[in-house]
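Peer 1: Could you have a look at this structure, given as structure tokens, before my questions?
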Amino acid sequence: MVSETRRRQIVGRPEVVREKLLDLVQQTGADELMISAMMYGHENRSRAFELLASAFQLPSATENLTGTANEQQEDTLHQVTSL
């Protein structure tokens, strides 16, 4: 059971995780991914999501999204989900 669970985990540097996620999307034809950061502490989980957003060139949650930035975020999200 542990081996099966570990096989489905994606772990690594942001660029490695990005490539593995893109491979997963390509293999499965998924149009959406649900990602969970399974680690102790809110700060650690937040940092994991910041690194993932950076790997996909998405703005972080702390950036001020107004006007054109919102449109860029929507375009980037569309590009990622349509891969």
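The values are calculated or read from the model by the stated rules, or taken from the named source; none is laboratory data. This structure is a prediction, so every number in the text was calculated from the model and none was measured. Backbone-built Cβ (ideal geometry, glycine too); neighbour counts: all protein chains shown. The area values use the complete protein model at the heavy-atom level, side chains included, leaving out ligands, DNA and RNA. Shrake-Rupley method; radii C 1.70, N 1.55, O 1.52, S 1.80 Å.
Peer 1: Can you put Thr28, Thr5 in order of accessible area, largest first, using a 1.4 Å probe?
Peer 2: On the way: Thr28 85, Thr5 60 Å².
From most exposed to least exposed: Thr28, Thr5.
Peer 1: In what sequence, largest accessible area first, do Arg6, Arg45 appear using a 1.4 Å probe? Display every interim value, and only then the final one.
Peer 2: Values: Arg6 160, Arg45 85 Å².
Reading off the accessible areas and sorting them downward yields Arg6, Arg45.
Peer 1: I'd like the FRET efficiency for Glu15 and Met39, computed as 1/(1 + (r/R0)^6) with the beta carbon distance as r and R0 of 22 Å, rounded to 0.05. Present the calculation step by step, with values, prior to reporting the outcome.
Peer 2: Numbers: r = 19 Å, r/R0 = 0.87.
For R0 = 22 Å, the calculated efficiency reads 0.70.
Peer 1: If you count only protein heavy atoms and use a 1.4 Å probe, how large is the accessible surface of Val11, to the nearest 10 Å²?
Peer 2: About 100 Å², rounded to the nearest 10.
Peer 1: How much net charge surrounds Met38 when only other residues with a Cβ under 13 Å from its Cβ are counted (Lys, Arg +1; Asp, Glu -1)?
Peer 2: Values: positive: Arg6, Arg8, Arg45; negative: none.
Counting the neighbours of Met38, the net charge comes to +3.
Peer 1: May I ask for the net charge around Pro14, where only other residues with Cβ less than 13 Å from the Cβ of Pro14 are counted and Lys, Arg are +1 while Asp, Glu are -1?
Peer 2: In short, +1.
Peer 1: On to the next question. How much FRET efficiency would the formula 1/(1 + (r/R0)^6) give for Asp23 and Glu50, where r is the Cβ-Cβ distance and R0 is 25 Å, rounded to 0.05? Write out the running numbers ahead of the final one.
Peer 2: Details: r = 22 Å, r/R0 = 0.89.
Given R0 = 25 Å and the Cβ-Cβ separation, E is 0.65.
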